[in-house]
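Participant: Before anything else, here's the structure in question.
The values are calculated or read from the model by the stated rules, or taken from the named source; none is laboratory data. Every value quoted in this text rests on a predicted model; they were computed, and no experiment measured them. All Cβ positions, even for glycine, are placed from backbone atoms using ideal geometry, and neighbour counts span all protein chains on display. Side chains included, ligands, DNA and RNA excluded: accessible areas come from the protein's heavy atoms. Shrake-Rupley method; radii C 1.70, N 1.55, O 1.52, S 1.80 Å.
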Amino acid sequence: MKKFLALLLALCMIFSLAACGGSTESAAPESSAPSSTAPEGDTVDLVLWTYPVGTLADNLDGVIAAFNEVHPEINISYELLDYQNGDTKVTSAIQGGTAPDLIFEGPERLVGNWGRNGLMVDLADLWAEDAAGDISTGVAEASQLDGAYYMYPLSVTAHSMAINYEAFEAAGALQYIDEETRTWTTDDFVAAMAAVRDAIDAGTINVITPGIVYCGAQGGDQGTRALVNNLYSGYFTQEDGTAYTADSEENIKALELLKTMVDDGSLDANLSFAAADELQAFANQTCAVTFCWNYSNYVSYAEQTQFTPFVMAFPSDDGVPELEMGMYGFGIFDNGDDAKVEAAKEFIRFVCNDADTAAECIRYTGFFPVHSDMGDVYEGTDEAELKEPFALMSTYLGRFYNLTDGWTEQCALWWPMLQQIFSGTDIQTAVTDYVTQANANIG
Amino acid sequence: MAQTTVAAPAERKPKKPKRSQFSGMSKALVRRETISAYLFLLPSLVFFIGFVVVPMVICVVYSFMEYSMKGIEGFAGFDNYIRMFQDKTFIRSFWNTVFIVVVAVPTVTAFSLWVSSAIYKMKAFTRSFFRCVFYLPVVTGTVAVTVVWKWIFNAYYGILNQVAGTTGFDWLGNEKTAIWCIIMILFTTSIGQPIVLYVAALGNVDKSLIEAAEVDGATNFQVFWKIKWPQIMPTTLYILVITTINSFQCFALIQLLTSGGPNSSTTTIMYYIFDMVYKFNDFGYANAMGVILALIIAVFSALQFRITKSN
């Protein structure tokens with residue numbers, strides 16, 4: 001009897017462990033669409049992963065439900081990634097052969113990383129269907145690599161910065177900005193930040209530091225990149241994408257200026273802050289400017305900001321900023337299942353090209369349409385007035401260089417280079433070292 | 001901090017007369033016992049082979065490959081290993097790792113022993129209270145613990161700067177202080193388990209020996225050194241090994257607090273492996289570093305076994 005019980009126990013253990021193992025299959029994503037009523041043989045199950053872009057993920061249930069009214073045979077479950085751990089999760093899934101079918105992100109990852117490595121499906125047919133051809137050349141170029149379209153875009157924005165309007169006003173620094181065009185020159189920027197510093201020192205404003213150049217991690221690196229590039233109108237890469245040019249005369253000069261400003265207290269360099277920390281500091285009024293602003297961040301921090309976050313372009317020597325484009329859309333992982341690929345394309349058509357759904361989804365992302373014929377999707381909404389300055393920023397878009405080969409690797413090298421500079425390493429040495437390593441990943 | 005699940009070693013037992021394990025058993029009974037034993041072992045064995053042995057073998061194989069996001073691109077021979085010793089960041093991460101281990105392991109062990117010695121004689125309720133207090137950081141999620149510490153260390157509104165009167169000082173952004181911050185948090189999350197183990201081990205020390213020594217006029221130090229210390233040596237060895245492994249594998253704290261910075265001053269081998277995999281997609285090189293890390297841990301553990309056994 002004892003032996004029998006022992007055997008039974010052992011079998012129970014085996015089956016319970018097997019059940020644990022099986023749970024990965026049933027590990028349901030955070031939410032899923034209503035089940036299809038179509039016959040089981042005809043249904044297609046898709047997995048969608050999305051990075052946090054505005055409030056799109058919060059509203060996906062509704063979008064999928066609307067899609068299922070038209071396509072009840074396609075079941076879509078989704079999962080929200082975050083920028084801290086999302087890449088880790090996707091890389092692990094790719095290596096484990098469990099990549100999602102659909103993913104929502106920007107061209108840096110969809111095209112420059114996964115597309116370049118042959119992991120994505122060419123969406124040229126979706127682009128060919130776009131008979132209106134009303135997507136700008138810049139957006140189209142950013143969606144493809146060597147003629148293969150790895151991304152179908154939904155919305156676009158310009159990454160900008162913002163100032164604490166009331167703090168600037170109290171510090172007498174508003175005189176240095178053009179409130180109508182929301183631009184300023186490099187000299188104006190230097191003068192404005194000095195004015196804010198003096199106001200802090202005099203106790204006129206209750207802010208701890210004028211601004212923070214964050215370089216504690218990779219998150220939000222577009223902000224510090226755009227700041228450096230704009231100050232003296234430098235470029236980050238060669239136009240043909242053959243080399244990184246952070247060591248150009250203009251960029252070195254910009255880094256020297258930032259170092260000087262940190263030394264004189266009109267900026268602070270924080271070697272343990274990433275963009276999220278800096279944004280929180282801006283919202284808390286710890287600092288008076290943020291270098292990582294867009295409408296999505298405005299929405300995220302709206303409840304915390306007890307002041308007016310005034311959107312501004314990055315300062316440039318000629319007063320003509322060139323902002324970095326933020327573009328978001330869908331890509332399809334090539335998981336070797338044609339039925340899933342076709343189903344995924346149906347979903348993309350529904351979200352990006354269906355006039356009503358696309359407008360709604362664009363509003364969820366908080367950005368602007370890539371289709372020029374969609375016009376102003378915010379017209380007549382409560383957000384229309386708030387959107388105006390962000391729409392203005394989109395007119396300052398500069399060259400899109402984020403598809404340069406080795407982009408992912410350079411991102412991991414950029415912020416350590418800033419750390420070196422702000423902790424005393426010779427600027428030329430640090431930048432040369434960075435460019436050498438970044439260029440080694442090209443080709 | 002990930003906790004190992006290895007069971008604590010049994011306390012030293014008095015020697016028994018040697019006797020055959022199967023004496024008095026028929027062959028059929030022995031066979032049935034053996035089969036039952038293997039059946040009990042089977043689930044663990046399957047998982048051990050599937051999730052430990054196989055990945056280890058794959059890791060060693062991939063360490064000799066050129067392996068990127070595109071897949072295996074060719075045989076690299078010893079290139080990944082040679083590159084490691086020419087890579088300044090790897091060398092720095094190696095020394096950072098050794099520094100963390102050398103500081104954290106003795107400190108955690110000594111402090112745990114001191115606390116346990118102080119509380120193991122207390123009333124059951126008080127003893128449980130202290131064990132709970134020291135164990136709390138272990139059961140609290142690493143992310144939650146790290147977020148709290150991040151607030152404490154914040155340069156602008158952190159409580160540490162308020163208390164120390166060093167407003168604006170960036171503890172995590174300074175090369176000289178960042179690694180000490182990591183060690184301090186590692187310390188708080190590592191002492192819980194050793195304290196619980198030491199309290200149990202000290203409670204099991206043969207009281208008659210202690211009483212006899214006290215009657216003979218032994219001092220407290222002599223009682224500890226000559227009677228308690230030898231009897232808690234197996235527990236000490238276990239604590240040394242698990243703390244060493246945890247310190248070598250310290251990752252989450254670094255990822256959440258400093259991302260290995262500033263200037264690689266908190267980059268450990270474990271964190272550098274993560275960087276290589278998820279930021280540089282250089283899987284072959286990362287696997288080679290994994291092999292070296294495993295060897296280093298093995299050497300450290302073997303040394304600890306040797307030293308403590310010789311005592």
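Participant: Of the conditions (1) within 14 Å of chain B (Cβ to nearest Cβ); (2) open to solvent by less than 30 Å² (accessible area, probe 1.4 Å), A:I135 fails just one. Which one is it?
Facilitator: Every condition holds for A:I135 apart from (1).
Participant: Report yes if some residue within the range A:267-275 is aliphatic (A, V, I, L, M), within 19 Å of A:L418 (Cα to Cα), touching a residue at least 40 places away in the same chain (Cβ under 8 Å) and away from every other protein chain (no Cβ under 11 Å); otherwise report no.
Facilitator: Narrowing the range A:267-275 to residues aliphatic (A, V, I, L, M): A:267, A:269, A:271, A:274-275.
Then drop every residue that is not within 19 Å of A:L418 (Cα to Cα), which leaves A:267, A:269, A:271, A:274-275.
Filter again for touching a residue at least 40 places away in the same chain (Cβ under 8 Å), leaving A:267, A:269, A:271, A:274-275.
Among the residues that remain, those that are also away from every other protein chain (no Cβ under 11 Å) are: A:267, A:275.
Yes: one or more hits.
Participant: Could you grab the pairs with beta carbons closer than 8 Å, sequence gap of 6+ or different chains, first residue in the range B:49-77 and among the hydroxyl-bearing types (S, T, Y), second one assigned to a loop (DSSP other than H, G, I, E, B) and open to solvent by 30 Å² or more (accessible area, probe 1.4 Å)?
Facilitator: From residues that are among the hydroxyl-bearing types (S, T, Y), the pairs are B:Y67/B:D282; B:S68/A:N117; B:S68/B:D282.
Participant: While we're here: Quick check, is B:F64 under 14 Å from B:V291 (Cβ atoms), away from chain A (no Cβ under 12 Å), in contact with a helix residue (DSSP H, G or I) (Cβ under 8 Å, 6 or more places away or on another chain) and surrounded by fewer than 16 Cβ atoms within 10 Å (Cβ to Cβ)?
Facilitator: no
Participant: Still on this structure, please answer the following. If I go through the range A:93-138 residue by residue, how many of them are out of contact with any helix residue (DSSP H, G or I) (no Cβ under 9 Å at 6 or more places or on another chain) and of a type in the set (V, I, T)?
Facilitator: Final tally of qualifying residues: 1.
Participant: Filtering the range A:417-429 down to residues that are more than 26 Å from the chain's Cα centre (by Cα) and either under 20 Å from B:K279 (Cα atoms) or part of a helix (DSSP H, G or I) (or both), which residue is farthest from the other protein chains (Cβ to nearest Cβ)? Break it down into steps so the answer makes sense when it comes.
Facilitator: First, pick out the residues of the range A:417-429 that are more than 26 Å from the chain's Cα centre (by Cα): A:423-429.
Checking which are either under 20 Å from B:K279 (Cα atoms) or part of a helix (DSSP H, G or I) (or both) leaves us with A:427-429.
Working: A:I427: 14, A:Q428: 17, A:T429: 13 Å.
Looking at residues that are more than 26 Å from the chain's Cα centre (by Cα) and either under 20 Å from B:K279 (Cα atoms) or part of a helix (DSSP H, G or I) (or both), I get A:Q428.
Participant: If the requirement is being away from every other protein chain (no Cβ under 14 Å) and over 30 Å from B:E66 (Cα atoms), which of these qualifies: B:F300, B:F248, B:F305? Step through it out loud before you land on a result.
Facilitator: Working: B:F300 fails: over 30 Å from B:E66 (Cα atoms); B:F248 fails: over 30 Å from B:E66 (Cα atoms).
One residue alone meets the criteria, B:F305.
Participant: Against the condition of a type in the set (V, I, T), within 14 Å of chain A (Cβ to nearest Cβ), open to solvent by less than 30 Å² (accessible area, probe 1.4 Å) and out of contact with any strand residue (DSSP E or B) (no Cβ under 9 Å at 6 or more places or on another chain), how does B:T167 come out, does it pass?
Facilitator: On the way: of a type in the set (V, I, T): yes; within 14 Å of chain A (Cβ to nearest Cβ): yes; open to solvent by less than 30 Å² (accessible area, probe 1.4 Å): no; out of contact with any strand residue (DSSP E or B) (no Cβ under 9 Å at 6 or more places or on another chain): yes.
So B:T167 fails the test.
Participant: A further question follows. Being surrounded by fewer than 22 Cβ atoms within 10 Å (Cβ to Cβ) and within 14 Å of another protein chain (Cβ to nearest Cβ): is that true of A:A283 here? Walk me through how you get there before you give the answer.
Facilitator: Values: surrounded by fewer than 22 Cβ atoms within 10 Å (Cβ to Cβ): yes; within 14 Å of another protein chain (Cβ to nearest Cβ): yes.
Yes, satisfied.
Participant: Tally the residues that are buried (at least 17 other Cβ atoms within 10 Å of the Cβ) and β-branched (V, I, T), restricting the search to the range A:258-267.
Facilitator: Residues meeting the conditions: 1.
Participant: Scan the range B:175-225 for residues that are part of a loop (DSSP other than H, G, I, E, B) and without any contact (Cβ under 8 Å) to a residue 40 or more places away in the chain and jot them down. Spell out the reasoning first.
Facilitator: The first filter runs over the range B:175-225 and keeps only residues part of a loop (DSSP other than H, G, I, E, B), leaving B:191, B:204-206, B:216-219.
Of everything in the range B:175-225, those that are part of a loop (DSSP other than H, G, I, E, B) and without any contact (Cβ under 8 Å) to a residue 40 or more places away in the chain turn out to be B:V205, B:D206, B:D216, B:G217, B:A218, B:T219.
Participant: Look at the range A:347-368 and say how many of its residues are at pLDDT 90 or above, under 18 Å from A:M151 (Cβ atoms) and over 16 Å from the mean Cα position of the chain (by Cα).
Facilitator: Counting residues in the range A:347-368 that are at pLDDT 90 or above, under 18 Å from A:M151 (Cβ atoms) and over 16 Å from the mean Cα position of the chain (by Cα) gives 8.
Participant: State which residue is nearest to the other protein chains (Cβ to nearest Cβ) when the search covers only the range B:251-266 and only residues that are over 10 Å from A:A217 (Cα atoms) and not aromatic (F, W, Y). Talk me through it step by step, then tell me what you get.
Facilitator: Applying the first criterion (over 10 Å from A:A217 (Cα atoms)) to the range B:251-266 yields B:251-254, B:263-266.
Right, trim to not aromatic (F, W, Y) and you get B:252-254, B:263-266.
On the way: B:A252: 11, B:L253: 13, B:I254: 11, B:N263: 5, B:S264: 7, B:S265: 9, B:T266: 10 Å.
Result: B:N263.
Participant: Give me the pairs, please: first residue somewhere in the range A:348-367 and more than 9 Å from A:L154 (Cα to Cα), second residue anywhere and open to solvent by 60 Å² or more (accessible area, probe 1.4 Å), beta-carbon distance under 8 Å, and either six or more positions apart or on two chains.
Facilitator: A:R349/A:E129; A:F350/A:V70; A:Y364/A:D58; A:G366/A:V299
Participant: Going by what's in this entry, would B:L295 be described as of a type in the set (A, V, I, L, M, F, W, C) and open to solvent by 20 Å² or more (accessible area, probe 1.4 Å)?
Facilitator: On the way: of a type in the set (A, V, I, L, M, F, W, C): yes; open to solvent by 20 Å² or more (accessible area, probe 1.4 Å): yes.
In short, yes.
Participant: Answer yes or no: is there a residue in the range A:362-371 that is open to solvent by less than 30 Å² (accessible area, probe 1.4 Å), within 14 Å of chain B (Cβ to nearest Cβ) and not hydroxyl-bearing (S, T, Y). Even if it seems obvious, please write down each step before you answer.
Facilitator: Going through the range A:362-371, the residues open to solvent by less than 30 Å² (accessible area, probe 1.4 Å) turn out to be A:362, A:365-371.
If we keep only those that are within 14 Å of chain B (Cβ to nearest Cβ) too, we end up with none.
For the range A:362-371, residues open to solvent by less than 30 Å² (accessible area, probe 1.4 Å), within 14 Å of chain B (Cβ to nearest Cβ) and not hydroxyl-bearing (S, T, Y): absent.
Participant: May I pose another question? Inside the range B:43-58, can you point out the residues that are within 19 Å of B:Y285 (Cα to Cα) and within 13 Å of chain A (Cβ to nearest Cβ)?
Facilitator: B:P55, B:I58
Participant: Select from the range B:137-157 the residues that are modelled with pLDDT of 90 or more and either open to solvent by 50 Å² or more (accessible area, probe 1.4 Å) or not polar (S, T, N, Q) (or both) and list them in ascending order.
Facilitator: As a first pass, look at the range B:137-157 and keep what is modelled with pLDDT of 90 or more: B:144-156.
Result: B:A144, B:V145, B:V147, B:V148, B:W149, B:K150, B:W151, B:I152, B:F153, B:A155, B:Y156.
Participant: When residues of the range A:223-257 are filtered for being open to solvent by 30 Å² or more (accessible area, probe 1.4 Å) and either in a loop (DSSP other than H, G, I, E, B) or at positive phi (or both), how many remain?
Facilitator: Of the residues in that region, 8 qualify.
Participant: Give me a count of the residues in the range B:236-284 that are hydroxyl-bearing (S, T, Y), touching a residue at least 60 places away in the same chain (Cβ under 8 Å), open to solvent by 10 Å² or more (accessible area, probe 1.4 Å) and assigned to a helix (DSSP H, G or I).
Facilitator: The number of residues fulfilling the criteria is 2.
Participant: Next up: Show the residue pairs that are 6+ apart or on different chains and have beta-carbon atoms under 9 Å apart, the first residue being within the range B:123-140 and within 9 Å of B:G192 (Cα to Cα), the second being part of a helix (DSSP H, G or I) and modelled with pLDDT under 90.
Facilitator: Within 9 Å, no pair qualifies.
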